[in-house]
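Below is one structure, written out as structure tokens, with a few remarks after it.
No lab work stands behind these numbers, since they all come straight from the coordinates. For clarity, every value in this text was computed on a predicted model and none was experimentally measured. Heads up, the Cβs are rebuilt from the backbone with ideal geometry, glycines too, and the neighbour counts pull from every protein chain shown.
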Amino acid sequence: MDTDATFRSRLAAAVGAAQVLTDSAAVDPYLTDWRRLYRGRALAVVRPGTTDEVAAVVRACKESSVPIVPQGGNTSQCGGATPDASGASVVLSLGRMKRIRELDRSNATLTVDAGVVLADVQQAASAVGLHFPLSLGAEGNCTIGGNLSTNAGGTAVLRFGNVRELVLGVEVVLGDGRVWNGLRGLRKDNTGYDLKQLFIGAEGTLGIITAAVLKLFPAPRTRATGLLALAEVTAAVKLLAELRQALGDRLVGFELMSGLSLALSRKHGPASPDPLPGHPWYVLVQAEDSSPDSALTAQLEHVLEHVLERRLAKDGTIARSVAQGHALWALRTGIAEAQRREGRDIKHDISLPVSAIPEFLDEAEAVLSEAFPGLRFVVFGHLGDGNLHYDLAAPEGVDPEAFCRHTADVNRVVHDLVAAHAGSISAEHGIGQLKRAEMIRYKSPVEIELMRALKAAFDPHGILNPGKVL
């Protein structure tokens, strides 16, 4: 293996000396994850600006047996982009790769570098009257490469699917430094294995995504947003079915929120409205239509009036302006930041069949409330696609850090119940280093064997994001 000085000189030759960071103050922001659960060390942070530079860095690392930790916007929820404590790895930050390579309006595709921020992708599509529907709370910071590496979900999955369904092609630097150019803007391509899907959701453990061809859609011209108050989650499941039947694929978002989650959002966002106070559950509904003269708002209002007449919902309101719609969504998007300000809690990113969610919630609350009297259930998420953020905050007066020492016991209750209802312990945040042991517990030996075989085939030197996923 090269000496550290020789290896660093090779990195400098690949990307320029100014883009090899070793000073502690410059490196520090790359060493801690967004949730501050993990803190690592690194030999250096390397900031390539092109795919060729990424490939040169990977070749240098392979030849020197130096592990690589790819990083985008560093918004990972599971420590997937954080190095370990050994200090032996290189953090490969793709944040300088911000080029929008091509916008093909006729093909409705956008080809971008992996370091382009999600909000900038949305804006580039919007500028030509098109729409990229992936929408996340971290969209002002997260990057397309990170979105692809975790198969991100967000608030529009009900209509458009996870990000793997929004990608037509990818460019990937492999573990030996070769580049696979799979940037094809084709909706139909049955020439063998769909290799791009192996890299999407792999968290940088099979290859480093450096660019992608993204699907675009007609821009919504009419939006209708409604908030309903419910007595129980069973009513939300029934409401979802009714709205899907009435609105079809114009129903884009269907977000479930506990009363406590909204209370926290308002507590830490004092300008937030409180339109329907005092209920245990809420549903935020978003419908969109690409027609500018659509009767969508009137249709949604008619459905919700019918729902209220039948007492399926206790109360409801519809946004009468764009500003009111944004204010209602701010209640939902503010929950994660409010949790951060409130103090540490025990988080779960789970998915279940929609029909199983009410029973799961009842069973989990009964068991956990008995074990932890006064436990606060901060439950919210994308009910339309079965994805819940099932977060548990310490009882009032209990130190959050002390409560979080029970994480393993709480996870066992939650994850065992998820498995019993044929669900998944990770819906959209990935595995990272947080859920490796949990994944081994709940996946079959055959699945783990196949995953290990893929890892060995694509990364025989074991340098690509080691310690993540597997």
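What to note about this one:
- In plain terms, the chain from residue 197 to residue 407 could stretch by 72.4 nm, reckoned as 0.36 nm per residue minus the Cα-Cα distance.
- R0 of 56 Å, Cβ-Cβ distance residue 447-residue 324: FRET efficiency to nearest 0.05: 0.75
- Stretching the chain fully between residue 315 and residue 369 yields a gain of 16.6 nm (0.36 nm per residue, less the alpha carbon separation).
- Our summary gives region 343-429 a relative contact order of 46 percent, counting only alpha carbon pairs under 8 angstrom and 6 or more residues apart.
- Under the span-like rule (Cα at least 15 Å along the axis, Kyte-Doolittle mean at least -0.5), DSSP H helices of the chain: 4-15, 51-64, 233-247, 296-309, 322-333, 357-371, 407-420, 445-458
- Within region 38-111: Cβ-based charge dipole about Cα centre, in debye rounded to nearest 20 (Lys, Arg +1; Asp, Glu -1): 180 debye
- Ordering of 410-418, 100-108 by burial proxy (mean other Cβ atoms within 10 Å per residue, highest first): 410-418, 100-108
- Pairs of Lys residues in the chain that lie 8 or more places apart, or on two chains, and have C-alpha atoms under 24 angstrom apart add up to 24.
- The relative contact order of the chain, computed from alpha carbon pairs under 8 Å that lie at least 6 residues apart in sequence, is 16 percent.
- Dividing the summed -39500 (n - 2.57) terms of all DSSP H runs of n ≥ 4 by the residue count of the chain sets its mean residue ellipticity at 222 nm at -10500 deg cm²/dmol.
- Peptide packing: for 63-76, 185-198, the average count of neighbouring Cβ atoms within 10 Å per residue gives the ranking 63-76, 185-198, highest mean first.
- In this structure, residue 32 and residue 219 have a Cβ-Cβ separation that, at R0 = 51 Å, corresponds to a calculated FRET efficiency of about 0.85.
- Per-q log10 I(q)/I(0), region 343-429, q = 0.10, 0.11, 0.27 Å⁻¹ (Debye; single scatterer per alpha-carbon; no solvent): -0.22, -0.27, -1.47
- Amide H to amide H distances under 5 Å link residue 167 with 215, where only residues 5 or more positions off or on other chains count and H is placed in the peptide plane.
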